[in-house]
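The values are calculated or read from the model by the stated rules, or taken from the named source; none is laboratory data. On a predicted model such as this, the values are computed, not experimentally measured, just so you know. FYI the Cβ positions are ideal-geometry reconstructions off the backbone, even for glycines, and counts take in every protein chain you see. In case anyone asks, the SASA skips ligands and DNA or RNA and just uses the protein heavy atoms, side chains included. Shrake-Rupley method; radii C 1.70, N 1.55, O 1.52, S 1.80 Å.
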Amino acid sequence: MTGAVRKAVFPAAGLGTRFLPATKALPKEMLPLVDKPIIQYGVDEAIASGISDIVIVTGRGKSAIEDHFDVSFELEYLLEARGQKDLLKAVRAISDKVNVAYIRQSQALGLGHAVLRSRDLVGEEAFAVVLADDVIVASTPCLEQLIGIYRTFLAPVVAVMEVPPEHARLYGMVAAEQVSERVFRVLDLVEKPKAGEAPSNLAIIGRYILTPRIFESLACVEPGSGSEIQLTDGLKHLLRTTPLYAYKFEGTRYDAGDKLGFLKATVELALRRADLGPGFREYLRGLSL
Ligand code: G1P
């Protein structure tokens, strides 16, 4: 196995019930953070990290995602005719920079099952998994940081961050021994532990570099938390035969899959923007709440 990571899998078949009614007809991945759909933040991060091929695992009612990453001939024609060059550039860039393939997950059987659906498209090479709900702002893209660790150890790596004990029930949690400042060797994993049962304060965040052996593990694990096939359980199975690393990434992560997290991401991403930030900051300061 070489150190190259060219492909990234984006599970995107979830129903988005936390954002109903907004997600009745619109995939949650297409909800905008400022002016970009959530999933495009992850795709842009992947491209910036050297990924050339994206596999999106979709489901029913998700065709807006396919349209978004496709060429929009009518729109490009109109923007060209109107001389709106900047918008044209932004719209073209979405479909130009990367190859996107789609595979359906026709039943919502869990994250592990979604990743398993990508097996044929991934083939025999290391690949990334990106959970688009986790939007990460970092000076070095989070996926690029993880790929660096993968190259060093030539073993699968998961991104982790420290969380307070009361939040452990929301995440896959790892037991790990520290290798260096940010790198840990994983000893055990548990998906969404009950109160008081987390093995540490290190929570898995939605960025993974995996090797194709994960597919064999995913094919044999039983449904776990939420009666779903969990990626965390697949990783625990893989750990029996393969070393696994956890990497405390540098950057800020927003949980855009949660209403409060979505609002925080919207506000902070807008404040970071050169075109919107100053005016928005002034507006926020003037609010008397
Ligand atoms: C998923 C994973 C979990 C991980 C989390 C990160 O859970 O199953 O292990 O910690 O993403 O965001 P979800 O948030 O989809 O329930």
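In degrees, nearest 10, range 0 to 90: what is the angle between the Cα axis of helix 73-82 and the longest Cα principal axis of the chain?
Relative to the chain, helix 73-82 is tipped by roughly 40 degrees.
What ratio of Cα Rg to 2.2 N^0.38 Å holds for the stretch 200-289?
Taking the Cα Rg and dividing by 2.2 N^0.38 Å, one obtains 1.62.
If you roll a 1.4 angstrom probe over the protein chains with everything in place, what fraction of the accessible area of the stretch 70-188 belongs to carbon and sulfur, to the nearest %?
On the stretch 70-188, the fraction of accessible area on carbon and sulfur atoms equals 50 percent.
Over the chain, what is the relative contact order in whole percent, taking alpha-carbon pairs under 8 Å and six or more residues apart?
22 percent
What translational diffusion coefficient, to the nearest whole µm²/s, does the stretch 42-108 have by Stokes-Einstein, given a Kirkwood radius computed over alpha-carbon pairs, a temperature of 10 °C and 1.306 mPa s viscosity?
Here the translational diffusion coefficient equals 119 µm²/s.
Based on the Kirkwood radius over alpha-carbon pairs, what is the Stokes-Einstein translational diffusion coefficient of the chain at 4 °C with 1.567 mPa s viscosity, in µm²/s?
Approximately 65 µm²/s, per Stokes-Einstein.
Please compute the per residue accessible area over the stretch 176-262 with all protein chains in place, 1.4 Å probe, rounded to a whole number of Å².
Here the residues of the stretch 176-262 average 46 Å² of exposed surface.
Regarding the stretch 1-77, what is the average projected area of its C-alpha convex hull, in nm²?
Value for the stretch 1-77: 6.7 nm².
Which percent of the Cα-Cα distances in the stretch 45-169 go past 23 Å?
48 percent
So in the stretch 137-251, what percent of DSSP beta bridges are antiparallel if you round to the nearest 5?
80 percent
I want to verify the translational diffusion coefficient of the stretch 207-249 in µm²/s; compute it with Stokes-Einstein, Rh as the Kirkwood radius over Cα pairs, at 37 °C and 0.692 mPa s.
300 µm²/s
I'd like the distance between the alpha-carbon centres of the stretch 258-288 and the stretch 138-198, rounded to an integer number of Å.
Cα centres, the stretch 258-288 to the stretch 138-198: 29 Å.
Using each residue's phi in the stretch 217-233, evaluate 6.51 cos²θ - 1.76 cosθ + 1.60 at θ = phi - 60° and report the 3J(HN,Hα) Karplus result to the nearest Hz, with x for Gly and Pro.
5, 5, 6, 10, 7, 7, x, x, 3, x, 6, 10, 6, 9, 4, 4, 5
Counting each DSSP H run of 4 or more residues in the chain as -39500 (n - 2.57), what helix-only mean residue ellipticity at 222 nm follows after dividing by all residues, to the nearest 500 deg cm²/dmol?
Helices in the chain give a 222 nm mean residue ellipticity of -10000 deg cm²/dmol.
Take the alpha carbon atoms of the stretch 30-83, find their center, do the same for the stretch 115-132, and report the distance between the two centers in whole angstrom.
Each part's Cα centre sits 19 Å from the other's.
For the stretch 107-241, state the average projected area of the convex hull of the C-alpha atoms over all orientations, rounded to one decimal in nm².
Result: a mean projected hull area of 8.5 nm².
For the stretch 1-119, what proportion of DSSP beta bridges, expressed in % and rounded to the nearest 5, is antiparallel?
Bridges in the stretch 1-119 that DSSP calls antiparallel: roughly 15 percent.
Have a look at ALA90, ALA159, ALA22 and tell me which one the Gaussian network model of the chain (Cα, springs below 10 Å) gives the largest fluctuation.
ALA90
Quick one: helix 142-153 against the long Cα principal axis of the chain, what's the angle to the nearest 10°, folded into 0 to 90?
It is inclined by approximately 30 degrees.
Cross-link list LYS28/LYS259; LYS24/LYS259; LYS28/LYS248: which exceed 21 angstrom alpha carbon to alpha carbon?
Check vs 21 Å cut-off fails for LYS28/LYS248.
Taking the mean number of other Cβ atoms within 10 Å as a proxy for protection, how do you rank 214-224, 229-239 from highest to lowest?
Highest-to-lowest ranking by the protection proxy: 229-239, 214-224.
In nm, to one decimal, how far is the modelled label at GLU177 from the one at LEU284, with both set 7 Å along Cα→Cβ?
4.3 nm
Out of all DSSP beta bridges in the chain, what portion is antiparallel? Express it as a percent rounded to 5.
60 percent
From largest to smallest, what semi-axes in whole angstrom does the stretch 94-165 give when each is the square root of 5 times an eigenvalue of its alpha carbon gyration tensor?
23, 18, 16
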